[in-house]
Amino acid sequence: MNPDLWIKALEEWKLQGMGDNGCTLPFLVGIQTQMENPTMPDSSDVKEILEYLFSDENKEEYFIRICPERNWTIIQKGDADEYFGEWYGNHLLIDNRIAGNLRRSPEEIINDLVEESEPIIREGKYSLDKNRVWGDYSVKEKEFIKSLF
């Protein structure tokens with residue numbers, strides 16, 4: 001999956017009034033289903049995003065945490081200094097509930113988050129609504145995604 005696309009989604013999320021928090025991994029990888037030539041995402045796309053975030057190639061600040069409204073793992077760009085967690089390198093902060101008390105390895109965290117997202121992505125559900133139910137993107141979310149292209 002093209003990193004420019006999901007990075008732009010994270011950058012634009014707050015700017016376009018989509019919410020105060022970040023995006024779930026299924027939301028980010030599902031974006032490619034809305035493209036002119038859509039492709040079906042799978043767990044390798046989730047792994048690719050997470051590996052990028054942990055890599056030295058990543059020069060931006062990101063925060064992986066549990067969304068208080070949806071009770072699901074999200075990725076948020078910037079603003080990580082406001083939160084508590086474990087820093088992995090200079091650019092990635094992981095919520096303690098995800099990193100664990102005994103600083104888990106990046107591979108363990110990646111495997112857990114891939115495992116968490118895989119069944120939802122396999123079902124073609126990319127959006128988690130306010131009632132914590134997975135489904136298709138809302139009209140507003142589809143408009144947001146189209147604005148990224």
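One line per residue, one yes/no per condition, for (1) over 22 Å from LYS130 (Cα atoms); (2) assigned to a loop (DSSP other than H, G, I, E, B); (3) within 11 Å of the chain's Cα centre (by Cα):
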residue	(1), (2), (3)
GLU51	yes, no, no
ILE64	no, no, yes
ARG97	no, no, no
GLU108	yes, no, no
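How many residues are surrounded by 17 or more Cβ atoms within 10 Å (Cβ to Cβ) and among the small types (Gly, Ala, Ser) if we restrict to segment 41-100?
4
Which of the residues spanning segment 111-149 are hydrophobic (A, V, I, L, M, F, W, C), outside any helix (DSSP H, G or I) and without any contact (Cβ under 8 Å) to a residue 60 or more places away in the chain?
Residues of segment 111-149 hydrophobic (A, V, I, L, M, F, W, C): 113-114, 120-121, 128, 133-134, 139, 144-145, 148-149.
Now drop any that are not outside any helix (DSSP H, G or I), which leaves 128, 133-134, 148-149.
Passing the criteria: only VAL133.
Considering only segment 114-132, how many residues are in contact with a Ser or Thr (Cβ under 9 Å, 6 or more places away or on another chain) and more than 20 Å from GLU48 (Cβ to Cβ)?
Residues that pass the stated criteria total 3.
Go through segment 75-88 and count every residue that is outside any loop (DSSP other than H, G, I, E, B) and either in contact with a strand residue (DSSP E or B) (Cβ under 6 Å, 6 or more places away or on another chain) or aromatic (Phe, Trp, Tyr) (or both).
Within segment 75-88, the subset outside any loop (DSSP other than H, G, I, E, B) is 75-77, 80-82, 85-88.
Filter again for either in contact with a strand residue (DSSP E or B) (Cβ under 6 Å, 6 or more places away or on another chain) or aromatic (Phe, Trp, Tyr) (or both), leaving 75-77, 80, 85-88.
Counting residues in segment 75-88 that are outside any loop (DSSP other than H, G, I, E, B) and either in contact with a strand residue (DSSP E or B) (Cβ under 6 Å, 6 or more places away or on another chain) or aromatic (Phe, Trp, Tyr) (or both) gives 8.
Has segment 33-49 got any residue that is β-branched (Val, Ile, Thr) and part of a strand (DSSP E or B)? Before you say what the answer is, go through the steps one by one.
Restricting attention to segment 33-49, the residues satisfying the condition of being β-branched (Val, Ile, Thr) are 33, 39, 46, 49.
Narrowing further to those that are part of a strand (DSSP E or B): none.
No, segment 33-49 contains no residue that is β-branched (Val, Ile, Thr) and part of a strand (DSSP E or B).
Which one of LEU128, LEU92 is touching a Phe, Trp or Tyr at 6+ places or on another chain (Cβ under 8 Å) and either at pLDDT 90 or above or of a type in the set (Asp, Glu) (or both)? Steps first, answer last, please.
Details: LEU92 fails: either at pLDDT 90 or above or of a type in the set (Asp, Glu) (or both).
The match here is LEU128.
Kindly establish whether ASN21 is over 11 Å from the mean Cα position of the chain (by Cα), of a type outside the set (Asp, Glu) and assigned to a loop (DSSP other than H, G, I, E, B). Show your work before the answer.
Details: over 11 Å from the mean Cα position of the chain (by Cα): no; of a type outside the set (Asp, Glu): yes; assigned to a loop (DSSP other than H, G, I, E, B): yes.
Taking the combined requirement at face value, the residue does not satisfy it.
So LYS14 fits all but one of (1) buried (at least 16 other Cβ atoms within 10 Å of the Cβ); (2) in contact (Cβ under 8 Å) with a residue 12 or more places away in the chain; (3) under 21 Å from PHE149 (Cα atoms); what number is the exception?
Result: LYS14 passes all but (2).
Report every pair of residues separated by at least 6 positions or lying on different chains whose Cβ atoms are under 7 Å apart, first residue within segment 69-90 and closer than 22 Å to LYS47 by Cβ and acidic (Asp, Glu), second surrounded by 16 or more Cβ atoms within 10 Å (Cβ to Cβ) and modelled with pLDDT of 80 or more.
GLU86/ILE94; GLU86/ALA99
Could you check MET35 against (1) hydrophobic (A, V, I, L, M, F, W, C); (2) surrounded by 16 or more Cβ atoms within 10 Å (Cβ to Cβ); (3) more than 14 Å from the chain's Cα centre (by Cα) and say which number it fails?
(2)
The values are calculated or read from the model by the stated rules, or taken from the named source; none is laboratory data. If you're wondering where the values come from, they're calculated on a predicted model, not measured in any experiment. Cβ atoms come from the backbone with ideal geometry, glycine included; neighbour counts cover every protein chain shown.
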